[in-house]
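Let me begin by presenting the structure, written as structure tokens, before commenting on it.
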Amino acid sequence: MMAHIILASQSPRRRELLRLCGYPFEATAADVDENSVFDPDPAQDCILTARLKAEAVLDNISGSKQERVIIVAADTNVALDDQILGKPKDATDAKRMLSRLRGRTHDVHTGVVIIDVESGREVSGSHTAVVQMRNYTDQEMSAYVASGDPLDKAGAYAIQHPVFQPVESLDGCYLGVMGLSICHLLQLFQQIELPFLTDLTDLKRAHQEFYCPLYEQAARKQGK
């Protein structure tokens, strides 16, 4: 039976990343109050938020006997000294966050929840990347904030921004810092016995030269 994925997100970044999996999918917004979820453990908090999104989408769909419907929901947070940095309220808040992060190491947690609609089975997990920010200048920071790019990003930055390029190094999956670790998602897909359809060349290229141990595991498993 063909698998069809429903992404519980309208994020253009997550849609772009999910295309790497090789499965047909559609994206739908999860109408939830993310602020209604709080857990003092940032890694657990993002799983709970992802579950909230997945369940909201589940309540509004009906499966088809012609296809296996899989809901994928994700949530990403940035934690500095175990304190979650959400999306900035405005430009001033974005500058505050970026000033705190500058030259320091922090964690980026991405929680994923998958629901197999027909069976009701759920699998979940989180991936944590340890990120070292570079020592960008005040001028670079101000120009980046003025671009408006940080305002819809957890922690007020996008690792993939071609000009600001805020990250010096990381330990983990680059795609997880973008918002959805496809390498981690593929591991979760294995738990629900979805076949591997991903083009490893495209997946490696998407990491932008950053080393990813999860990618290496996937490549070894596929004999590449």
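The values are calculated or read from the model by the stated rules, or taken from the named source; none is laboratory data. Note that this is a predicted model, so its numbers are computed, not measured. Counting neighbours? That spans all protein chains shown, and the Cβs are built from the backbone with ideal geometry, glycine included.
Scanning region 130-158 for residues that are in contact with a strand residue (DSSP E or B) (Cβ under 6 Å, 6 or more places away or on another chain), more than 20 Å from LEU52 (Cβ to Cβ) and either surrounded by 23 or more Cβ atoms within 10 Å (Cβ to Cβ) or among the charged types (D, E, K, R) (or both) gives VAL131, ARG134, GLY155.
Per-residue answers, yes or no, for (1) under 15 Å from the mean Cα position of the chain (by Cα); (2) not hydroxyl-bearing (Ser, Thr, Tyr):
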site: SER11; (1), (2): yes, no
site: GLU16; (1), (2): yes, yes
site: ASN35; (1), (2): no, yes
site: ASP59; (1), (2): no, yes
site: THR92; (1), (2): no, no
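Criterion applied to LEU194, LEU200, LEU185 was being under 24 Å from GLU34 (Cβ atoms), of a type in the set (A, V, I, L, M) and out of contact with any Pro (no Cβ under 6 Å at 6 or more places or on another chain), and the one residue passing it is LEU185.
For region 133-150, the condition of being over 16 Å from the mean Cα position of the chain (by Cα) and among the β-branched types (Val, Ile, Thr) holds for at least one residue. Annotation: ARG220 fulfils all but one of (1) part of a helix (DSSP H, G or I); (2) touching a helix residue (DSSP H, G or I) at 6+ places or on another chain (Cβ under 9 Å); the unmet one is (2).
The residues of region 166-194 that are touching a residue at least 24 places away in the same chain (Cβ under 8 Å) and surrounded by fewer than 16 Cβ atoms within 10 Å (Cβ to Cβ), listed by number, are GLU168, SER169, ASP171, GLN191. Filtering region 197-217 to residues that are in contact with a Cys (Cβ under 9 Å, 6 or more places away or on another chain), surrounded by fewer than 14 Cβ atoms within 10 Å (Cβ to Cβ) and not in a helix (DSSP H, G or I) leaves only LEU197. Of the residues in region 83-120, how many are surrounded by fewer than 18 Cβ atoms within 10 Å (Cβ to Cβ), among the charged types (D, E, K, R) and either modelled with pLDDT of 95 or more or farther than 20 Å from ALA54 by Cα (or both)? Of the residues in that region, 8 qualify.
Each row is one residue, and each column tells you yes or no for (1) within 23 Å of LEU203 (Cβ to Cβ); (2) of a type outside the set (Gly, Ala, Ser); (3) surrounded by fewer than 16 Cβ atoms within 10 Å (Cβ to Cβ); (4) modelled with pLDDT under 90.
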site	(1), (2), (3), (4)
MET1	no, yes, yes, yes
LEU20	yes, yes, no, no
GLU26	yes, yes, yes, no
ASP41	no, yes, yes, no
CYS46	yes, yes, no, no
ALA54	no, no, no, no
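Could we say that SER126 is closer than 30 Å to ILE61 by Cα and either aromatic (Phe, Trp, Tyr) or without any contact (Cβ under 8 Å) to a residue 24 or more places away in the chain (or both) here? No.
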